[in-house]
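First comes the structure, then the notes that go with it.
The values are calculated or read from the model by the stated rules, or taken from the named source; none is laboratory data. This one's a predicted model, so the numbers in the text were calculated from it and none came from an experiment. Cβ placement follows ideal geometry from the backbone for every residue including glycine, while neighbour counts extend to all protein chains displayed. Heads up: the accessible areas ignore ligands, DNA and RNA and are worked out on the full protein's heavy atoms, side chains in. Shrake-Rupley method; radii C 1.70, N 1.55, O 1.52, S 1.80 Å.
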Amino acid sequence: MRVSAVFADLDGTWLATDKSVPPANDLALDRLLAAGGTFVPCTGRNASMVPGEVLRHPSCRLAIAANGAAAYEVVRDGMPRLGRRLFSVPLGCERTLALYERLRDLDVTFDLFVGEEVYVERRRFAKILGFGIEPHTLRYMLAGRTQLDLTVPQIVERTCAEGGEPLMRVTSFWHDPADRDRILAAVAEDPTLVIVSSWKGGFEISDARATKGNALAWACDWLGVAREGTVAFGDSGNDASMLAAAGLGVAMANGTDEARVAADDVCGTNDGGGVGTYLMGLLE
């Protein structure tokens, strides 16, 4: 197989559990670049939380964030960073407020992805400290969210009134399985929404068109490559559409059943540099 582009989820896939990049992954990108291929990180993170070490390799020209709700060019005028937003599929304020009304009495978080940032109601987000979130994940979330002394409707209304960055998606973490079921039911009331999961105890809610699979198809057009020459790696339900859309979809050994069902093959674990090892085999 001639590999023209590699799409990789970050947490649980490209990154080890401690959020470092395994050496095997960087070595594989050297070989990918020599073969004329492109690396595209495709993450559920908001754009501001895509680490520079993921973007630093010259094979990376494009990054997809918020589960396919937005794509950014990679700028290399100094430290590699995300530049202009090339496309977006926002959730918007009206649907977000309607969803909040259906969830407001539940013991859950309601995290608002606005442009490249994530805003949360401080008192509501404090619930997450008692949800038993894995420590590395909890530290990442605490660092990547701006806590405000405003209610969720006030944050949404301020966002709409300012007319600035689009409201991209909502993430909701739960602890009680009954609340999980109520979130699923609330989202099902609106067929224009899609709900996926990449964290244990958490859901990501977006416009139904904002999926990693749709973003992969858009990226192929932008890069000028055939989908048949793409390889995608992922570990969770939010990666399933990408794994199915790629020429070759590869689930992680540490991945969920949903990811495995969507994939064509399975590689090693994220902590063992499974992506890089598998990719090196393809590029030999």
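Worth pointing out:
- Pick from the stretch 175-195, criterion open to solvent by less than 40 Å² (accessible area, probe 1.4 Å) and in contact (Cβ under 8 Å) with a residue 24 or more places away in the chain, ranking: nearest to GLU117 (Cα to Cα): LEU193
- Residue within the stretch 103-111 that is in contact (Cβ under 8 Å) with a residue 24 or more places away in the chain, surrounded by fewer than 15 Cβ atoms within 10 Å (Cβ to Cβ) and not acidic (Asp, Glu) present: yes
- Test result for THR159, open to solvent by 10 Å² or more (accessible area, probe 1.4 Å), farther than 16 Å from GLY44 by Cβ, of a type in the set (Val, Ile, Thr) and in contact with a helix residue (DSSP H, G or I) (Cβ under 7 Å, 6 or more places away or on another chain): yes
- Among the conditions (1) surrounded by 19 or more Cβ atoms within 10 Å (Cβ to Cβ); (2) out of contact with any Cys (no Cβ under 9 Å at 6 or more places or on another chain); (3) at pLDDT 95 or above, PRO23 misses just one, which is (1).
- Verdict on ASP9 being among the acidic types (Asp, Glu) and modelled with pLDDT of 95 or more: yes
- Applying the criterion of being more than 13 Å from ARG61 (Cα to Cα) and assigned to a loop (DSSP other than H, G, I, E, B) to the residues of the stretch 28-49, the residue that is nearest to the chain's Cα centre (by Cα) is GLY44.
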